[in-house]
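Written below as structure tokens is the structure these notes are about.
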Amino acid sequence: MAADIVDQANSLASILNDTALNAQIRKHRFHLPSLSKCKDCDDDIPKARQALGGVTRCVECEGDVLQARRQKGLPSE
Ligand SMILES: [Zn+2]
């Protein structure tokens, strides 16, 4: 009986961990391809930055977006 409860708890913990991990992966979009040009200013995005995955803006524009979100009290995405 106690072992069943422990097994159920372990199973639930595993499901929760997988769900949280998948949410983080979706949130950070690292699995998506990057753009070669910034979607805001059309500047080239360096290959090293593109390699991060899911990159859509140059460093300067991404910084501007993050700063604007912080000023509005929004999370950084
Ligand atoms: Zn840009």
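The values are calculated or read from the model by the stated rules, or taken from the named source; none is laboratory data. None of these values were measured; they are calculated from a predicted model. Positions of Cβ are generated from backbone atoms using ideal geometry, with glycine treated the same way; all protein chains shown enter the neighbour counts.
Under the condition of being within 15 Å of the ligand (Cβ to nearest atom) and either touching a residue at least 60 places away in the same chain (Cβ under 8 Å) or part of a loop (DSSP other than H, G, I, E, B) (or both), the residues counted in the stretch 42-51 number 4.
Here's the yes/no breakdown for (1) out of contact with any Ser or Thr (no Cβ under 7 Å at 6 or more places or on another chain); (2) in a helix (DSSP H, G or I); (3) at pLDDT below 90:
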position	(1), (2), (3)
S14	yes, yes, yes
N22	yes, yes, yes
I25	yes, yes, yes
L32	yes, no, yes
D64	yes, yes, no
Q67	yes, yes, no
